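Working notes, structure below.
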Amino acid sequence: MSRLLSVVFAFLMLFSFAPASKAQTAGDWALWAQVGPAIPSSSVIYPAQTQSYEATPRVILGGTGGTEFGNSYIGALTAVEIPIKHFELDFSNTFSPYESHVALGKGYADQFSGRGILWTPRVGFFGGATYSMYHVNISKALEYAHGGVVLRSDVAGVPARFFFTYTHELNNGLFPHNASGTETSRLQSGAVQLEARLQCNRDGNSCLRLSASFDVGVVKNQSNPVCDGSLGIRGGHDGGPCYRKFTLSGGASFGLSWEIRHKTYDTTELF
């Protein structure tokens, strides 16, 4: 409600002072006609017309949780974002003391990700990799490659980023190899992720962040145990391969974290 009142007040002030602004502009041009030629063009300073963007490292500490492709988790997030002019390096680690997998029991997990972003003013192109490991009834370490497009803007005055990501699983990572006949899911997925800076302290050097991610993708089902190796047999009855079906699945996750910035900046700047 207060934001709506502020917007209405801003418009009233704009219309109230518009005639005076026009008169002032006419006076400025008349003055320039008299003294302008005596002022070197290099001394003229024009107002900036572009949106400002942060260029300071940020540390992120918080929590996250959700369900993805039938598995659920609750974890602690630690991350750092390092802008370097038109480039940015992001690194994050999520440790999940609670990890639950369908038909594989509960345990814990850890995931480390890194990515680079090449920025134009409001659009970025990124690519990276993730190393993920979990310990439930089986243990597994996987590698993923991911990339896509990120947009940064403000939503009702709130600085935000929107990531559109494609992820592809690179490595099975089961240990011991083919443990109990369990096979890799061969995940391929797409996701939409929102990161928004909700509120900052008075000095502007630490802020509250909200994150939300929604994904959908395809995974391979486990094949018939008669021929997947779990019974010591490989191949079908005729010695051929075990065919596996694909399943469409997805999930959602949410997080709340605290952003710590090395320097104080305008809290409305895009990040």
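In table form, for the structure just shown:
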read-out	value
Pairwise label distance in nanometres, Glu143 with Phe125, each label 7 Å out on the Cα-Cβ vector	2.4
Calculated FRET efficiency for the pair Tyr98/Arg202, C-beta based, R₀ 45 Å, to 0.05	0.80
Part-to-part distance (alpha-carbon centres) for segment 90-131 and segment 139-156, which is given in Å	8
Paramagnetic reach from His135 (point 7 Å along Cα→Cβ, amide N under 18 Å) across segment 96-126	96-101, 104-112
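Coordinate-derived values only; no laboratory data. What you see is a predicted model, and the numbers here were worked out from it, not measured in a lab. For neighbour counting, all protein chains shown are included, and Cβ atoms are generated from backbone atoms with ideal geometry for every residue, glycine included.
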